[in-house]
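K.L.:
Shown below is the structure under consideration.
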Amino acid sequence: MKITHLHLRALLGTALMLVAAGCATVNSVEPANPESKPKMVNDKRIITDSTLNRIAYVEGVVEGTSPGGLKRVQVTLRNMTSNVASVSYQFNWVDDQGIVISSPTQQWQAVAIEGGQSVPIVSVAPTTTAKDFKLNLLESVGRASTVLPQ
Amino acid sequence: MPQLSSLSEDFCITITDRFKPNQTRSSHFKLNVLLMKPSSLIPFALTAMLMLAGCGNPPGSSVYVDPNGPRTIANVGKINIQDFNNAASDAVQDMLSKNPFAQIPQQPAVLSVSRITNDTDQQFDTDLLTKNIRIALINGGKVAVLTTNGLNGNAEDTMARDAGNQQAFMGGQPAPVRLPDFVLTGKILMDKSAAGNTKQNSYVFQLTLTNVKTGLSSWEYQKTITKQGQSSSIGW
């Protein structure tokens, strides 16, 4: 089959469309002077996967109390790349002795983050005895990274 | 032929199988590997061990995986165990956060689990969803679950009900029964769509908590899990 100039242009156009579809990033808007006063948590990070740290960069950790009186945290993840990424995460809560509290809420969850998008993930302590949390992050079924409260 | 350890033999087979037998390059490669001294094969063996360790398990072998972890099998056309666990975990988080049980003065509130309707084309036990919810709520000290009362008058635990009745009979007093303060009910729905070879299935988990005294819904919850793909995969 003879490849004409038109064929080449069509191929190039399709390729550009595919590249553009894979690299779509998120634009967002929020108040310049927000009314909320988040209580930020100083965190300690154990980074074992630098790639994961780019696709799920921990922007910040906020702590609060739920209407039910239980401790809750919100971790904001940002995908610093221009490609959509899938990340798994798991919250573990520990009591005042540092022992992990076993709960069905320890389930690993998946979150898809678009390129440049910032996503909040929230966890509520399973009991009133929970004092601290530990968040584990994992890229797909790859390697692990951890965020700990300081 | 040189003596090879079983691991080295496995490694040779793995390597040479990757080339077509008629190719000159593969024949030379195979010959070279086989003519090597056993001691010089140690680096190859170590590399193979590391590759095996890093790439998972050999095909055909069985392994234990964390049922709450991301290495479980994911099927597009099926609600997998992790989907039930995810929905239950999310529901509990929402319920603990909003704490609808605080409406009841006598704590912990008594909960009864009613029917969870399966409105999908699949067959499963809805306890896969409700058991995790019950465990988390009881462990959290928010509720006590009634097991001597159930749907259509059928007790979940008939022996416990009979034992209670027997105790009451022997003691000459009526059995102390605390009726449920809340009833949990729900539905699981599905939606299917496809584009070309790519299938997409959405599973919707709906739960309602009703305050028995008022008859009003105290808490509503819905979670949609959408799975897209062409085939099943190990890990997600």
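K.L.:
With (1) farther than 27 Å from B:Ile81 by Cα; (2) buried (at least 16 other Cβ atoms within 10 Å of the Cβ) as the list, and B:Thr208 as the residue in question, which single condition is left unmet?
P.N.:
(1)
K.L.:
I've got another one for you. List the pairs whose first member sits in the stretch B:68-79 and is more than 7 Å from every other protein chain (Cβ to nearest Cβ) and more than 20 Å from B:Lys192 (Cα to Cα), whose second member is surrounded by fewer than 18 Cβ atoms within 10 Å (Cβ to Cβ) and among the small types (Gly, Ala, Ser), and whose Cβ atoms are under 8 Å apart, counting only residues at least 6 apart or on separate chains?
P.N.:
What qualifies is B:Thr72/B:Gly235.
K.L.:
Okay, moving on. Which of the residues that make up the stretch A:49-85 are away from every other protein chain (no Cβ under 14 Å), of a type in the set (S, T, N, Q) and not in a strand (DSSP E or B)?
P.N.:
Once the filter is applied, which keeps residues that are away from every other protein chain (no Cβ under 14 Å), of a type in the set (S, T, N, Q) and not in a strand (DSSP E or B), the stretch A:49-85 yields A:Ser50, A:Thr51, A:Asn53, A:Asn79, A:Thr81, A:Ser82, A:Asn83.
K.L.:
Could you please find all residues in the stretch B:182-217 being in contact with a strand residue (DSSP E or B) (Cβ under 7 Å, 6 or more places away or on another chain) and of a type in the set (Ser, Thr, Tyr)?
P.N.:
Within the stretch B:182-217, B:Thr185, B:Ser193, B:Thr198, B:Ser202, B:Tyr203, B:Thr208, B:Thr210, B:Ser217 meet the criteria.
K.L.:
If B:Asp162 meets every condition in (1) more than 30 Å from A:Pro67 (Cβ to Cβ); (2) part of a loop (DSSP other than H, G, I, E, B) apart from one, which number is that one?
P.N.:
It fails just one condition, (2).
K.L.:
Among the listed residues B:Lys142, B:Lys223, which satisfies the condition of being buried (at least 16 other Cβ atoms within 10 Å of the Cβ), modelled with pLDDT under 90 and under 19 Å from B:Gln93 (Cβ atoms)?
P.N.:
Matching residue, one of B:Lys142, B:Lys223: B:Lys142.
K.L.:
For the stretch A:40-64, enumerate the residues that are of a type outside the set (A, V, I, L, M), in contact with a Gly (Cβ under 9 Å, 6 or more places away or on another chain) and farther than 16 Å from A:Val122 by Cα.
P.N.:
Hits for the stretch A:40-64 are A:Asp49, A:Thr51.
K.L.:
Here is a list: A:Asn53, A:Asn83. Which entry is of a type in the set (S, T, N, Q), surrounded by 15 or more Cβ atoms within 10 Å (Cβ to Cβ) and on the phi < 0 side of the Ramachandran plot?
P.N.:
Answer to the selection: A:Asn53.
K.L.:
Can you run down the residue pairs with Cβ atoms below 8 Å, 6 or more apart or on separate chains, where the first is in the stretch B:150-177 and on the phi > 0 side of the Ramachandran plot and modelled with pLDDT under 80 and the partner is of a type in the set (Asp, Glu) and assigned to a loop (DSSP other than H, G, I, E, B)?
P.N.:
Pairs found: none.
K.L.:
Also, I was wondering about something else. Criterion first (at pLDDT below 95, in the same structural domain as B:Ser217 (by TED's automatic domain parsing), surrounded by 12 or more Cβ atoms within 10 Å (Cβ to Cβ) and of a type in the set (S, T, N, Q)) does B:Thr185 satisfy it?
P.N.:
Considered against the rule, which asks whether it is at pLDDT below 95, in the same structural domain as B:Ser217 (by TED's automatic domain parsing), surrounded by 12 or more Cβ atoms within 10 Å (Cβ to Cβ) and of a type in the set (S, T, N, Q), B:Thr185 comes out as no.
K.L.:
Let me ask another. Looking at the stretch B:112-145, which of its residues are of a type in the set (Ser, Thr, Tyr) and outside any helix (DSSP H, G or I)?
P.N.:
B:Ser112, B:Ser114, B:Thr117, B:Thr120, B:Thr126
K.L.:
For residues that are of a type in the set (D, E, K, R) and away from chain B (no Cβ under 14 Å), scanning just the stretch A:86-121, find the one that is farthest from B:Asn80 (Cα to Cα).
P.N.:
Residue satisfying both the conditions and the ranking: A:Asp96.
K.L.:
Another one. Determine if the stretch B:136-144 includes at least one residue that is more than 13 Å from every other protein chain (Cβ to nearest Cβ) and either under 30 Å from B:Asn75 (Cβ atoms) or not aromatic (Phe, Trp, Tyr) (or both).
P.N.:
Yes: one or more hits.
The values are calculated or read from the model by the stated rules, or taken from the named source; none is laboratory data. These numbers come from a predicted model, not from an experiment. Cβ: placed from backbone, ideal geometry, glycine included. Neighbour counts: every protein chain shown.
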